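Report on the structure given below.
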Amino acid sequence: MKLSTRIALSVTVVVPLLVLGAGALLLGLVGRDLHAQQDTQLADRAAAIAPDIRALLTADHGGRPKAEQNQSRKVLGDTLDSGVRVTATDGTVVLTGGPQPTDPARTARTTGGPATVRERGRAWRVLTVAVDGNAPGTLQLFAPAVADGPQLTAVRRRVLLVALLAAPVSGLLALGLAHRATGSLRRLSRRAAELDPRAGAAAFAPEPSRIAEVDELTTAIALLLSRYDEQAGRTAQALDSARSFSSAASHELRTPLMSMRTDLDVLAAHPDLPAEERAEVVRDLREDHARLQELLTALRTLAQGDLVEVSAFGPLDLAELVDAAAGEARRRHPEATVTSGGLTELRVFGWEGGLRILLANLLTNAVVHGHRPGEPATIAVGLRAESGVAVLTVDDAGPGIPAPERQAIFHRFHRRPDSPGSGLGLTLVAQQAALHRGSVTAGAAPGGAGTRFEVRLPLLRTDAPTVELPVRRDWISGHS
């Protein structure tokens, strides 16, 4: 059912009920006012004829028929169009006259203030008054109840007629108004139905309708489309990452797999191979296996960085992470000297897993490449704040990196000919720095000997405690 039809039906039902309710309330108030006015008139009349009633009762009690007759005529003349009934204490009716109920038993039960008595479809307003004096008795005045008169009956019929007429008229008016009011919704529905899913949020620009609810719905649809576009982009990026992962893995794994296949063929073809040569082949197999494992782990980590969401980020103490990474490097490489003293708390808004990856790869790279032949690695880690950013430095005492190669080392699968790594360690460092809206550079260490890697990350700000991820992230395919 259309919204306009629902509104029209609701109005068709509600408006007559409101008319009937208002009419009933009005009739009740008018009836109460009429009762009060009639009761006042009866009370005034009873007070006016009270002396004559006392004289009438006295004459009746004293057995004076002529005086009683005179008083009766006087009382009947004073009551005009009201009914009157005078009763002695012994229940004898002394006087009766005028319009009144025919059953005395009904009116005998009315005592105190005014009351309504119904008989044969008619209603009477009765006022019962006790008369004091030498001969006490009871006075009752009767008048047709005005609140049940023909005028109010006619008003009741008119209220009912208005309610019956209000139903179709209000329904038609409500249908027209609702049809007009829902025009903006129908136009919005047509726009949504004609929307090309491939166009996305760009094809659905909000158009103000000056109706708050419709504008809110339009904004909600536009927001939904933008989120759909964002999710579709993330899905496409995930598919690209999966394809790139598959392509990179198949390409980079070809060489170590072929080497392993060759070593296995040698072992299979020469079961009597001397022990030294067999040990050398097994060592090559282990190295190739380790390289395969490292390569797959690095590719998986790179893909994880491409797909991470903002919800994974939060406030972190960078000094605590650096200290933990330096301790892990000392544990894994006891021959190297890794120093990280004097670190002070610096809070950033980051992804803890990603920052651990960045630190681990920086320190591993320094341990592996940051020393002279035959000398143990000496690594110095520093952390300081500078102009709203945290500056992390990793210095080694190795041969250094030539200036032309300092940018290329962050490219995917870039490694020295004698490097045992996968060529993805520094790529992971660059990826994590970019994810955190920071940067990483390589240069000469202080004093000119060795290499300094410098990572700059924005510090946590109370007015902007969030991070905005790069729009495009495809480090695994070789682009950023």
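The values are calculated or read from the model by the stated rules, or taken from the named source; none is laboratory data. Given the structure is predicted, the values throughout are model-derived calculations rather than measurements. Neighbour counts run over all protein chains shown; Cβ positions are idealised from the backbone, glycine included.
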Inset, instruction - Report yes if D44 is surrounded by fewer than 12 Cβ atoms within 10 Å (Cβ to Cβ) and either among the small types (G, A, S) or over 30 Å from G183 (Cα atoms) (or both), otherwise no. - result: yes
Legend entry - Residue identified as touching a Pro at 6+ places or on another chain (Cβ under 9 Å), outside the structural domain of T102 (by TED's automatic domain parsing), exposed (fewer than 15 other Cβ atoms within 10 Å of the Cβ) and within 28 Å of P16 (Cβ to Cβ) among L164, L160, L172: L164
Inset, instruction - Select from segment 60-100 the residues that are hydrophobic (A, V, I, L, M, F, W, C) and modelled with pLDDT under 80 and list them in ascending order. - result: A67, V75, L76, L80
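Here is a yes/no grid of residues against (1) touching a Pro at 6+ places or on another chain (Cβ under 8 Å); (2) at pLDDT 70 or above; (3) in the same structural domain as A390 (by TED's automatic domain parsing); (4) more than 30 Å from R261 (Cβ to Cβ):
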{"site": "V282", "(1), (2), (3), (4)": "no, yes, no, no"}
{"site": "E294", "(1), (2), (3), (4)": "no, no, no, no"}
{"site": "T297", "(1), (2), (3), (4)": "no, yes, no, no"}
{"site": "G314", "(1), (2), (3), (4)": "no, yes, yes, yes"}
{"site": "E328", "(1), (2), (3), (4)": "no, yes, yes, yes"}
{"site": "T337", "(1), (2), (3), (4)": "yes, yes, yes, yes"}
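For (1) outside any loop (DSSP other than H, G, I, E, B); (2) buried (at least 21 other Cβ atoms within 10 Å of the Cβ); (3) among the β-branched types (V, I, T), each residue gets a yes or a no:
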{"site": "E345", "(1), (2), (3)": "no, no, no"}
{"site": "L355", "(1), (2), (3)": "yes, yes, no"}
{"site": "L359", "(1), (2), (3)": "yes, yes, no"}
{"site": "R372", "(1), (2), (3)": "no, no, no"}
{"site": "I379", "(1), (2), (3)": "yes, yes, yes"}
Inset, instruction - For T79, indicate whether it is more than 26 Å from G121 (Cα to Cα) and either crowded, with 17+ Cβ neighbours inside 10 Å or in contact (Cβ under 8 Å) with a residue 24 or more places away in the chain (or both). - result: no
Legend entry - Residue identified as in contact (Cβ under 8 Å) with a residue 60 or more places away in the chain, assigned by TED's automatic domain parsing to the domain that holds Q431 and of a type in the set (S, T, Y) among T364, T344: T364
Legend entry - Total residues in segment 10-58, condition under 60 Å from the mean Cα position of the chain (by Cα) and farther than 19 Å from P144 by Cα: 17
